[in-house]
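Take a look at the structure below.
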Amino acid sequence: MIKNFTLGQYFPSGSVIHKLDPRFKLIEIILSIILVFLAPDFLGLGVLSIFLLTVMLISKVPVSMYLKNLKPLIIILIFTSLLNIFYVAEGTVVFSWWIFTITTGGIYKAIFMSLRIVLMILTSAVLTYTTTPTELTDAIESLLSPLKFLGLGEAVHTLAMMMTIALRFIPTLTDETDKIMSAQKARGADMENGGIFKRLKALMPILIPLLISSVRRAYELAEAMECRCYSGGKGRTRMKKLIPSFRDFIALFLVLLISAFIILLRIL
């Protein structure tokens, strides 16, 4: 399950989505995630789903890679669905036994909330699959550039760099975790059987090597940045400047159009 988690990876396919200005792309992704939570019913989520599916197909990233991000969330989706099914007492009673009651409102809410989570994860995956860490750093720093007038210029660059490095190392840490788990299983460690406390105890031989590996990678990264004379954002130049094109404004217009539709649904 660990190796199926691909959030944070970049998939170069040269599509139109890849060529969009990362600043516009970041704004559009944030707006899309907000719209997922603003959508009042299945009509709104349906429109967002069609739009997201279209973007996924245009990005030329295999759909199987997007779906891999959902496998580790199956437990969360099941848990969320059960909470809504048994705790929402609206609508017609479908099933009742002892203290458990299932209503049509609970089923509706369970499907609705699960679809929200799925759309949120897939929308985030579109950003990471189609945007390099460097582009993401430049986009965050550019969008937060007004804070430089408050004397926070260095803090803005540091924040952008930290967020990008953290996102970049998600797939690295998942691969490292999978390797450590495979090594422990080869040594006879049992991580799949027994009660919850036994399984938690079995995780200790994984967490300690993972922590040591993470600290070592952080130290190596810091040394590499120092060797390249990295000194923060002050006086830093860029080989590629972010210049928006006509397609960036078209993409932003489409997202704003969908935003207006979702807000109208919310009001009505």
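The values are calculated or read from the model by the stated rules, or taken from the named source; none is laboratory data. Being a predicted model, the structure only gives us computed values, none of them experimental. Here the Cβ is made from the backbone with ideal geometry for all residues, glycine too, and neighbour counts use every protein chain on show. Remember, those area values only see protein heavy atoms, side chains included, never the ligands or the DNA or RNA. Shrake-Rupley method; radii C 1.70, N 1.55, O 1.52, S 1.80 Å.
Data table
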{"quantity": "Criterion violated by PHE253 - all others in (1) at pLDDT below 85; (2) surrounded by fewer than 11 Cβ atoms within 10 Å (Cβ to Cβ) satisfied", "calculated": "(1)"}
{"quantity": "Residues of region 26-64 classified as in contact (Cβ under 8 Å) with a residue 60 or more places away in the chain, farther than 29 Å from ILE107 by Cα and open to solvent by 30 Å² or more (accessible area, probe 1.4 Å), total", "calculated": "1"}
{"quantity": "Region 140-167: number of residues that are without any contact (Cβ under 8 Å) to a residue 12 or more places away in the chain and not in a helix (DSSP H, G or I)", "calculated": "2"}
{"quantity": "Unique match (being assigned to a helix (DSSP H, G or I), modelled with pLDDT of 75 or more and surrounded by 11 or more Cβ atoms within 10 Å (Cβ to Cβ)) among ARG199, ARG216, ARG247", "calculated": "ARG247"}
{"quantity": "Which listed residue is under 16 Å from the mean Cα position of the chain (by Cα), surrounded by fewer than 16 Cβ atoms within 10 Å (Cβ to Cβ) and either over 22 Å from GLY46 (Cβ atoms) or of a type in the set (A, V, I, L, M, F, W, C) (or both), from ILE99, ILE165, ILE111", "calculated": "ILE165"}
